[in-house]
Amino acid sequence: KMTQQMRDLQLAQARKPPGPSSPNAAKRLYRNLSGKFRVNYTSFDEGSLVGRGEKEKLRKSYLFQSNAALFEAVELQDLDRVQELLKQYSPEELDLNTPNSEGLLPLDIAIMTNNAPIARALLQAGAKESPHFVSLESRSLHLSTLVREAEQRVNELMAQVVNEAPNADCSEKEKQLKAWEWRYRLYKRMKAGFEHARVPDAPTNVHLSVASSSSVQVTFWEPLSINSAVITKYKVEWSCSPTFSPPLGEAVIDKLKNLHFTIRGLVSGTAYYVQVSAYNMKGWGPPQASVPPFAIPSNWREYDGRAPRRRGQAEALDHLLGQVKTVHQHCVCHEPCKNQPQSRKHSVSKSLKHLFHPGSKFLKTLKRGLYLTAIFYKDDNILVTHEDQIPVVEIDDTYSCLLMQDFLWFTKVSCMWDEILWLRQCVTVSQSSCSCILQTRFKMLLAISQMQGLLGIQDLGQVFFEPIKDKQGNILIVTLKAVKTNQTFESVRWVPICKLQTSRKSVSSPEEPTALDTLLISIQDKLAYHQQSSHALSPGLYLGYLKLCSAVDQIRVLVPEQLPNILCHVKIRSNPNISREEWEWLQKMASVEEPITAEPEAETSQNHLFQELQVAIKELMTLVNIPLQEAKDFRLYSQEVLDFGGQVSFLLLLPPSDDVCTAPGQNNPYTPRSGFLTLPLQIFELGEGG
């Protein structure tokens, strides 16, 4: 029997709808069945082992036929088949940029028949034009030769068919005649397409922006008219002169999925002019100058020479923590553990057996007290104990009123899951004192260690932003962690969440559910919060809305439910950089006491930012459901641009100064009603997933 590859090929051919077959395809198929491409199917029986050389021949034959199928699909203008082949095979397997016997590539046929959809599909896959066409004259001569030879072949076959008596050989020549007539029409259509085409118009919406202190970015759209020929590349040119004499550099863009280009390695403070032109088979079209006509590489920090706020802070904190650890290595609290092995990692398979051991210290029910639960989930399944219970351990059975400061301290500890043993040993020194706070926090560390030991997992995940409380005096701190699909654990019981919710027997009334019942009822919401907290913003400049409200023991910040790790926001543009000129204009706007209605000078980066901000403010006010008229006294925060990793930056929109933070009992204006959360400020500052 033939191999699976050959069977698949035959099935694919059997499914192919009937249609006109090109003579090229017939010739390629004939070559495929002759010489080095011939395959002896009878040699493949059930018990034989094909040699490596034969397998390689078979693979080459299979890929050869795939290349032939691509040419035929392009010639027949079968877009679906072209997309299917490009998805199924790599460009190398298809020999996408290897000319056929007529010196043509698939892209040549697509653009000379002006089939824009197929040409775009090929370009996105990395297709090129034939290297034989070094000039317009060479392309024209090549097409004329193809048409002439095809016409000559048609005439020869027609004479043979007319003069010969009807027989099997004559029938074969009639088929060849039909195929060559089809080929002749194709070449004439390609030649006419080439002769009718003209160079493309200039690209549109060529916009220039400052990307950094040493780079500028140009974005553009396709020309309004491509003049009957598909555009295959663009050219970006730059110079310090508006006449582009002398030119400083140029770049050709042949990957057309995203029409933008960043010019790097420029000198800060120098003006650069940029223009873009398009290319089709007739040559380069006229260039289009950018708007604004030039840009000066810079960054907003150059306005007053300000250094990044967080420069060196992470390193300084790591150094400080290292110093603290060094001091504590020699204290009495570390003596008992000097003989313990250095590795804190537990054997996962060994430790997870506690889940099924009757003597494990996981709790089934809650008494009055403070507890810790860890939610591990994978897809729609959740990790449970041997009794099909969510893992819960006790922190303190005498603690019935969790102070917010204790909870916030716990959330900070969650950034150091691997250091719990060390923290316990350091707190032990002071726990003999009468401090209730230290006693509680030491018990929290003990509970964390117990959960880690029973599960055999150090990282317990992210702390949910508020504990669950019930009227029986129970308080439940919840951690959440997603387990990767390919991550495996031995002897772990995973249960579908819906099954866990329906099978649990509640011991409380619907009017007064226990903390565990509340957890199960709301577990989907908590998992959604955890997943949404890990989403990152795409690169760009954003406008954020800062709104705070204070309580007796905390300050809370307004965030969207769909992205709780980021302020309420809208995207201003894809370029995150604010140039020195833009920042200078913003400073002038912030320093005036009365609103200015005059717009900045046209065709400047400041005017473009002004227009972008107008659109963004309206969109943001709609998002947070605040009438635009009520926002007339809002202000832009002008002290700094908030930078996040160099790829995301924020401008902040603030309510009037008296309403930025609402005091307890005070009317809370400028706060949307639904679709938003208020997180404790310390939780938000942890930047979980941001």
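The values are calculated or read from the model by the stated rules, or taken from the named source; none is laboratory data. Only a predicted model underlies this, so the values are computations on that prediction, with no experimental measurement involved. Counting neighbours? That spans all protein chains shown, and the Cβs are built from the backbone with ideal geometry, glycine included. Areas reflect the complete protein model, heavy atoms only, side chains present, ligands, DNA and RNA absent. Shrake-Rupley method; radii C 1.70, N 1.55, O 1.52, S 1.80 Å.
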Area of L654 that stays accessible when all protein chains are in place (1.4 Å probe, Å², to 10): 20 Å²
Nearest-0.05 FRET efficiency for Q647 and T145, computed from C-beta distance (R0 45 Å): 0.30
Stokes-Einstein D (µm²/s) once Rh is taken as the Kirkwood radius of the range 185-342 over alpha-carbon pairs, at 25 °C in 0.890 mPa s: 122 µm²/s
Accessible surface of H132 - all protein chains present, 1.4 Å probe, nearest 10 Å²: 100 Å²
S212, S298, reordered so the largest accessible area comes first (probe 1.4 Å): S212, S298
Percent of beta bridges antiparallel (DSSP, the range 207-298, rounded to nearest 5): 95 percent
Interchain or long-range residues, amide H under 5 Å from V648's placed H: G540
Largest to smallest principal axis extent of the C-alpha atoms in the range 222-308, angstrom: 53, 29, 20
Entries of K378/K469; K128/K255; K191/K282 with Cα pairs more than 19 Å apart: K378/K469
Cβ-derived FRET efficiency at R0 30 Å, D254 paired with E302, nearest 0.05: 0.30
Nearest-10 value in Å² for the accessible area of V154, using the 1.4 Å probe: 10 Å²
Accessible-area order (highest first, 1.4 angstrom probe) of the listed residues C568, C426: C426, C568
Full-extension gain in nm, Q531 to T326, via 0.36 nm per residue minus C-alpha separation: 70.1 nm
Shape of the range 58-196, Cα gyration tensor, a/c cut at 1.5: oblate
Derived scalar couplings ³J(HN,Hα) [the range 310-326; Karplus, 6.51 cos²θ - 1.76 cosθ + 1.60; whole Hz; x for Gly, Pro]: 9, 4, x, 5, 4, 5, 5, 5, 4, 5, 5, 5, x, 5, 4, 4, 4
Estimated FRET transfer efficiency when R0 is 25 angstrom, pair A590-L548 (beta carbons, to 0.05): 0.75
Karplus 3J(HN,Hα) series, Hz, for the range 89-102 with 6.51 cos²θ - 1.76 cosθ + 1.60 (x for Gly, Pro): 10, 7, x, 5, 5, 7, 6, 4, 10, 9, x, 7, 5, 8
Inter-label distance, nm, simple model (7 Å from Cα along the C-beta direction), I555/E172: 9.1 nm
Extension gain from E195 to H319, taking 0.36 nm per residue of separation minus the Cα-Cα distance: 37.5 nm
Other-chain or far-sequence residues with amide H under 5 Å of F676's (modelled H): E561
Accessible-area order (highest first, 1.4 angstrom probe) of the listed residues E612, E151: E151, E612
Sum of side-chain charges, M281 neighbourhood, beta-carbon under 10 Å (Lys, Arg +1; Asp, Glu -1): 0
